[in-house]
1. Highest mean first, what order results for 24-35, 39-50, 134-145 on Cβ atoms within 10 Å?
2. Measuring from the lowest to the highest alpha carbon on each principal axis, how far does segment 60-162 reach, largest first, in angstroms?
3. What distance in nm separates the two pseudo spin-label positions at Ala101 and Glu63, each 7 Å out from Cα along the beta-carbon direction?
4. Looking at the chain as a GNM with Cα springs under 10 Å, which of Gly59, Gly72, Gly133 has the largest mean-square fluctuation?
5. How much length, in nm to one decimal, is gained on full extension between Asp155 and Ile108, taken as 0.36 nm per residue of separation minus their Cα-Cα distance?
6. Can you tell me the length gained on complete extension of the stretch Gln49 to Asp29, counting 0.36 nm per residue apart and subtracting the Cα distance?
7. Please work out the C-alpha center-to-center distance from segment 107-134 to segment 24-76 and express it in whole Å.
8. Report the equivalent ellipsoid semi-axes for segment 87-139 in whole Å, largest first, defined as the square roots of five times the eigenvalues of the gyration tensor built from alpha carbon atoms.
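Since every read-out is calculated from the coordinates, none of them should be taken as a lab result. Since we're looking at a predicted model, the values are computed, not measured. Using ideal geometry, Cβ is built from the backbone for each residue, glycine included, and neighbour counts are taken over all protein chains shown.
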Amino acid sequence: MLRTVHLVAGLSLALTCGAANAQLAAHKDLTLPIAVAMAQTAIQTCTAQGYKVSAHVLGRNAEVVVAMRGDGTGPHTLENSMRKAYTARMQRRPSGEFAQAAKDNPTIGALHLANMIPAQGALPIKVGDDVIGAIGVSGAPGGDKDEACAKAGIDKVADQLK
């Protein structure tokens, strides 16, 4: 019986020491100036090509950091850019890849989650392999064009995403 008590006490001590050495996770998050630069660049890139678009930049927890509705855009573009960005953030991949997965498997469960949309036009924002947000664009004639403008937004601040 005494041996069991020593074993339990030793295990408790080991667990307590392990918890005392635990550390908080360190991570990087988007700042407002970076998010604004991304959204502005995305909209300006599409505008230069003759497309009227809106853009959203979401943070690590899919919270809206920036929402911009371009001049002359339809009201649906603001909602679509947010949903595309949300999809890219939650899937940790381009929203177009999720759209293809949904096409290949129309019963994919994520289609039933709020704000998910199987549409191309958004990209995750990464620091290394860590997804710290997403940018979504809507309004160009085709998701590939929206995605290209989103990429221009990421490229604008790429040197700061390290």
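1. 134-145, 39-50, 24-35
2. Per principal axis, max minus min of the Cα coordinates gives 39, 36, 23 Å.
3. About 2.5 nm separates the two model spin labels.
4. Taking springs between Cα atoms under 10 Å, the residue moving most is Gly72.
5. Answer, rounded to one decimal: 13.8 nm.
6. Result: 4.1 nm gained on full extension.
7. Spelled out, the Cα-based centre of one part sits 15 Å from the other.
8. Taking √(5λ) for each Cα gyration eigenvalue gives 19, 12, 10 Å.
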